[in-house]
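Chemist: Below are the structure tokens for one structure; questions will follow.
The values are calculated or read from the model by the stated rules, or taken from the named source; none is laboratory data. For clarity, every value in this text was computed on a predicted model and none was experimentally measured. Glycine also receives a Cβ, built like all others from the backbone with ideal geometry; neighbour counts cover every protein chain displayed.
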Amino acid sequence: MVNRFVGRVVSSAVGVMGLLALPATLSAQTAAAGAVPTFTKDVAPIFQNKCESCHRPDSIAPMSLQTYEDARPWARSIRDRVSSRNMPPWHIDPTVGIQHYKNDRSLSQKEIDTIVKWASNGAPKGDPKDMPPAIKWAEGNDWNYTKMFGQAQPDLIIKSPKYTQKGGAMDAWYKPVVDVPITEPRWVRAIEVRPGTLKGRKITHHALAYLLQDEKEAVAQGLISADNDSGAGLFMEWAVNKQGEIMRPNTGKLMLPGSKIRWDIHYSDGGEDVTDDVQLGVYFYPKGQEPKFRTMLTLYSAVTGGNRNLDIAPNSISVGQNFHVMRKAGRVENFQPHMHLRGKAMMVEAILPNGTQQVLGFVNNFEFNWMNNYVFDDDYAPLLPKGTILKITAWHDNTAAKKSNPDPNQWIGWGDRTVDEMAHAWINIVYMKDEDFKAEQAKRRAPTNTVAGVQQ
């Protein structure tokens, strides 16, 4: 799923970790430590819940953690990566901003302590009868959400025309336009975007699917923000390690007959010729069921004056900021920082009309290999009034201290290549009429600290 350069970085790091495997004997500390967690009873359930989505055969991780035999050789490196919170990859600063997310894969302190104690005391297996039933994961290139919706396939699959990326060739940007084969308006409840083959994942840096359709009536009715009066905008974005997007209850995206998908696909060198397409899997609400709210995905730049002004000097740490005014009241659904190899951190803040400033989310350890999408819990997704300013701040580390930096002596600007840089957040916002906004505020069960409904 990573491009070849980044894949080498990850593989090398993991290879070093493998040299740190524990000896087979129990630690002398065992007796003094009391009950020692076992793999089957204590550790395996944690791995199933927080690790196996990646650490299983034919997935993105370099080793499986599904069985004791899989995990045992990696016990010490697992301990070190978990205790430092490098794994699982969840880069939200736990000391500031909203801490409630629908897709939070971070470990609790109790879970960390359990894994550390297990690994530090010889990584015992335990009673096989305590092993939880194995999870049946999607295999190979299966769709992620079909089981959730009780389907064999998404309701609609739209494919880009196939493209061949030659081994050793320079990066390519492929931008075909294809028709959306629907004859009536349909509301979307979930979306997946993926390279068509497993080999395709090795060369696909990102894939953007723009929905092109006439939105003048929707703007006039206040269904979407006037910021998007040129169309529905970005329908879905895919980058390294992203699975898809499931809409919040009673929320969706609208596809109209006669619409088109404009693809923006970035291919990189995979070391061999690879022919692939990118596939958009769409899951519709049942016919006749219309959600009340419509969500819009927008790029929010962290560069004053626009992305082309990104300017990072050699051997320096750079800070950029940008401000975006919400023309209507709305609910912020998520934020997904996007930078490249020199990306260091990103913060999203809300400056309310009364001058109050609050941190919504802070990614303090950005990693290019993990384009995490941070989706707020239902009762914690910020409700922000008209006139709120979204402040986006991005940090880049163009020094040798940044291990993924290919060359700290280069002056870096904005660009599509992996060795160039970007600085923006992908954010879904549901714009609301005033009466709906007030009703959503009143429904919140969690306590709020502002009239805007921003949750802490």
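Chemist: List the pairs whose first member sits in the stretch 145-156 and is exposed (fewer than 13 other Cβ atoms within 10 Å of the Cβ), whose second member is part of a loop (DSSP other than H, G, I, E, B), and whose Cβ atoms are under 8 Å apart, counting only residues at least 6 apart or on separate chains?
Modeler: Correct list of pairs: Ala152/Thr146; Gln153/Trp143; Gln153/Thr146.
Chemist: Can you confirm whether Gly288 is in a loop (DSSP other than H, G, I, E, B), modelled with pLDDT under 95 and under 30 Å from Asp397 (Cα atoms)?
Modeler: no
Chemist: Could we say that Thr146 is assigned to a loop (DSSP other than H, G, I, E, B) and not aliphatic (A, V, I, L, M) here?
Modeler: Yes, satisfied.
Chemist: Sticking with this one: What tally of residues in the stretch 81-118 results from selecting those that are crowded, with 16+ Cβ neighbours inside 10 Å and either hydroxyl-bearing (Ser, Thr, Tyr) or in a helix (DSSP H, G or I) (or both)?
Modeler: 12
Chemist: Looking at (1) surrounded by 16 or more Cβ atoms within 10 Å (Cβ to Cβ); (2) touching a Phe, Trp or Tyr at 6+ places or on another chain (Cβ under 6 Å), which one does Ala350 not meet, given that it meets all the others?
Modeler: So Ala350 meets the others, but not (2).
Chemist: Any idea which of Ala232, Ala172, Ala226 is among the small types (Gly, Ala, Ser), assigned by TED's automatic domain parsing to the domain that holds Gly281 and at pLDDT 75 or above?
Modeler: Being among the small types (Gly, Ala, Ser), assigned by TED's automatic domain parsing to the domain that holds Gly281 and at pLDDT 75 or above holds for just one of Ala232, Ala172, Ala226, which is Ala172.
Chemist: Restricting to the stretch 72-117, count the residues that are aromatic (Phe, Trp, Tyr) and closer than 16 Å to Asn372 by Cβ.
Modeler: So the answer is 2.
Chemist: Now for a different question. What residue, among those in the stretch 304-316 that are out of contact with any Ser or Thr (no Cβ under 7 Å at 6 or more places or on another chain), in contact (Cβ under 8 Å) with a residue 60 or more places away in the chain and within 20 Å of Val348 (Cα to Cα), is surrounded by the most Cβ atoms within 10 Å (Cβ to Cβ)?
Modeler: The residue in question is Leu310.
Chemist: To continue, here is another question. From the set of residues in the stretch 421-438 that are touching a residue at least 12 places away in the same chain (Cβ under 8 Å) and surrounded by fewer than 17 Cβ atoms within 10 Å (Cβ to Cβ), which is farthest from the chain's Cα centre (by Cα)?
Modeler: Filtering the stretch 421-438 for residues that are touching a residue at least 12 places away in the same chain (Cβ under 8 Å) and surrounded by fewer than 17 Cβ atoms within 10 Å (Cβ to Cβ), the one farthest from the chain's Cα centre (by Cα) comes out as Asp434.
Chemist: Also: Please specify each residue of the stretch 296-326 satisfying the condition of being under 22 Å from the mean Cα position of the chain (by Cα) and of a type outside the set (Gly, Ala, Ser).
Modeler: If the condition is that a residue be under 22 Å from the mean Cα position of the chain (by Cα) and of a type outside the set (Gly, Ala, Ser), then Met296, Leu297, Thr298, Leu299, Tyr300, Val303, Asn307, Gln321, Asn322, His324 are the ones that fit.
Chemist: Contact list please: Cβ distance under 6 Å, first residue in the stretch 364-390 and more than 19 Å from Met326 (Cβ to Cβ), second residue in a loop (DSSP other than H, G, I, E, B) and acidic (Asp, Glu), pairs at least six apart or on different chains.
Modeler: What qualifies is Asn364/Asp93.
Chemist: Taking the stretch 382-405, which residues are surrounded by 20 or more Cβ atoms within 10 Å (Cβ to Cβ), assigned to a loop (DSSP other than H, G, I, E, B) and under 21 Å from the mean Cα position of the chain (by Cα)?
Modeler: Pro382
Chemist: Examine the stretch 406-418 for a residue that is modelled with pLDDT under 95, crowded, with 16+ Cβ neighbours inside 10 Å and under 27 Å from the mean Cα position of the chain (by Cα), and state whether such a residue exists.
Modeler: yes
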